[in-house]
Amino acid sequence: QVQLVESGGGLVQPGGSLRLSCAASGSIFSIYAMGWHRQAPGKQRELVASITGGGSPKYADSVLGRFTISRDNAKNAVYLQMNNLKPEDTAVYYCNAAGVRTSLWDNDDYWGQGTQVTVSS
């Protein structure tokens, strides 16, 4: 069974920074991509950033230049450094692992439980 555990959310003032971490545990052979999505109240879940095992990142236009995603393949971990946070970044942030293989025959996606990020003065 694969589990994703997130940490690093919290309350921060506008212009501040937070770093989110997510680690995947279980008998994992490989993970194609890891990333972060977010969901604000009354809105659909949206992709914030993702990164492949080869290190190719992708960002939502709204966070480009402010957020940086990184990955540690040896630890099956992904990180999101969030700088210059804005009130509109307030949401529950979910870690995602896509294309997870625990054997030669499976290929599944997994989600973390979510961590709250609140940007407010």
Sorted by mean Cβ packing within 10 Å, highest first, what order do the peptides 70-83, 35-48 take? 70-83, 35-48
Per residue, accessible area of the chain with a 1.4 Å probe, heavy atoms of protein chains only, in Å², comes to 53 Å²
If I stretch the segment between T102 and Q81 completely, what's the gain in nm (0.36 nm per residue apart, minus their alpha carbon distance), one decimal? 4.7 nm
Mean separation of Cα contacts under 8 Å (6+ apart) over length of the chain, as relative contact order %: 36 percent
Heavy-atom accessible surface of segment 9-121: percent carbon and sulfur, 1.4 Å: 49 percent
Which value, in debye to the nearest 20, gives the size of the charge dipole of the chain about its Cα centre, when Lys and Arg are +1 and Asp and Glu are -1 at the Cβ? 200 debye
Packing-based order for 54-66, 11-23, using average beta carbon neighbours within 10 Å, highest first: 11-23, 54-66
In whole Å, largest first, what are the principal axis extents of the Cα atoms in the chain? 49, 25, 22
If you take the beta carbon distance between D72 and S120 as r and set R0 to 30 Å, what does 1/(1 + (r/R0)^6) give as a FRET efficiency, to the nearest 0.05? 0.45
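The values are calculated or read from the model by the stated rules, or taken from the named source; none is laboratory data. Since we're looking at a predicted model, the values are computed, not measured. Neighbour counts run over all protein chains shown; Cβ positions are idealised from the backbone, glycine included. When the accessible area is computed, the model is the full protein with side chains, heavy atoms only, and any ligands, DNA or RNA have been set aside. Shrake-Rupley method; radii C 1.70, N 1.55, O 1.52, S 1.80 Å.
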